[in-house]
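To keep things clear, I will list the structure first and then write my remarks on it.
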Amino acid sequence: MNKLMQELVAGSLACGLGFVAQAYPAYATGAYTPIKTKIYKNVPYHWNGQSSRAYLWNANLTKRQHRLAHWPVTTWYVSKSLKMTNGHKTGIFYKVTNAKKSMSGYIWKAYLTKGALAKGTYPAGLIDSKLNQSLINLFPGAIPDKQLQQVAEYYIHAVNTTEPGDTYYEYEGAVLGADKQKKVTGFTTYTAAPGAYNQLRRNKVSFLQFEKARLQKYLKAEHKTFSDFSGWSIGAYAFPKNSIFYGIIMINLLPPMTK
């Protein structure tokens, strides 16, 4: 990975993409109390990606603590199943904690799927092949590559800074090997600047217009154009429109390897 890419990725990882650690306080109508409880021995589950409005709640379901979409690949360990009611509504919630025990709370069972996510797999809805292909099409003559695509999609883990396991760099090296890793060039449009993605997320500009303009800025700084990568291998990932990280992308490019 080149120096520019290292700086860009390191910045995003160090900042946790700028907002993943924020809590989202909001209050439900009426406190819930458990009417039936079942004990579990820290059974692993993960967010199934079915709703970007899924939350981790406090004990009586009156306060939202975190949005699950901020932690898309976290393993949640279930210690209890509770049937809870506020006198008007009733539902089943799981008491959960993450691996480092830095977060704990209650999640509606319909938002979780049993088992930890396998490395390199993601909740349904986090991969939009059309968006990814539109990024690849910006680079005329570049050749789609499965390994580079696999590594680009692993950028999803950059928003999950508390989960133990391979770092982005370690995963990149494991997939590509040392020789390719040294030669791969990458770009991400991540920035922590306030309001940087507002135009896109408010539908004031198209996805392709937004990303092309930002990529052109990075390429210009390197005295490059999109056409300079003809014949290179490419992989590209874009957080989809239903993601809270919409607008952030990762592109990996690898020059032809001599045999």
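Rounded, prolate or oblate, given the Cα gyration tensor of segment 118-259, with a/c below 1.5 counting as rounded? Write out the running numbers ahead of the final one.
Numbers: a/c = 1.72, a/b = 1.12, b/c = 1.54.
Oblate, because a/c is 1.5 or more while a/b does not exceed b/c.
Using packing as a proxy for protection, rank 131-138, 195-202 so that the peptide with the highest average count of other Cβ atoms within 10 Å comes first.
Highest mean packing first, the order is 131-138, 195-202.
Run the dipole for segment 102-259 about the Cα centre, Lys and Arg Cβ at +1, Asp and Glu Cβ at -1, nothing else charged, and hand back the magnitude in debye, nearest 20.
Details: 18 positive and 11 negative charges, 93 e Å.
So the magnitude is around 440 debye.
Give me a comma-separated list of calculated 3J(HN,Hα) values for segment 237-249, in order, Karplus coefficients 6.51, -1.76, 1.60 applied at θ = phi - 60°, integers in Hz, x for any Gly or Pro.
For segment 237-249, the Karplus-derived couplings read 9, 10, 4, x, 4, 7, 8, 5, 9, 3, x, 8, 10 Hz, x marking Gly and Pro.
In degrees from 0 to 90, rounded to the nearest 10, what is the angle of the helix 3-15 Cα long axis to the longest principal axis of the chain?
The angle comes out at about 10 degrees.
Tell me which residues come under 5 Å, amide H to amide H, from Val43 once H is placed; ignore anything under 5 positions away on its chain.
Val78
Can you order the peptides 209-217, 224-232 by their average number of other Cβ atoms within 10 Å per residue, highest first? Before the final figure, lay out the partial values.
Working: 209-217: 16.2, 224-232: 14.4.
Peptide ranking by packing, descending: 209-217, 224-232.
At a Cα cut-off below 17 Å, give the lysines reachable from Lys146, other chains included and same-chain residues fewer than 8 away excluded.
Lys119, Lys130, Lys180, Lys183
Which order do the peptides 66-73, 42-49 take when ranked by the mean count of other beta-carbon atoms within 10 Å per residue, highest first?
Values: 66-73: 22.1, 42-49: 18.1.
Descending mean neighbour count gives 66-73, 42-49.
Stretched out fully, how many nm does the piece from Lys101 to Ala174 gain, at 0.36 nm a residue minus the Cα gap? All intermediate terms of the calculation are to be shown ahead of the outcome.
Details: separation 73, 0.36 × 73 = 26.28 nm, distance 2.80 nm.
The span from Lys101 to Ala174 would gain 23.5 nm if fully extended.
What are the residues whose amide H is under 5 Å from the amide H of Ala99, where those residues sit 5 or more places off or on another chain and H is modelled from the backbone?
Thr75
Once you treat every alpha carbon in segment 33-114 as an equal point and sum by Debye, what is log10 I(q)/I(0) at q = 0.11, 0.17, 0.23, 0.25 Å⁻¹?
Calculated log10 I(q)/I(0) at the listed q: -0.25, -0.60, -1.12, -1.31.
Output ³J(HN,Hα) for segment 133-141: one whole-Hz value per residue in order, computed from phi by the Karplus curve 6.51 cos²θ - 1.76 cosθ + 1.60 with θ = phi - 60°, and x for Gly and Pro.
The phi angles translate into 5, 5, 5, 4, 5, 5, 10, x, x Hz.
None of the figures in this text is laboratory data; all of them are computed from the coordinates on show. None of these values were measured; they are calculated from a predicted model. Ideal geometry is used to build each Cβ from the backbone, glycine not excepted, and the neighbour counts take in all protein chains shown.
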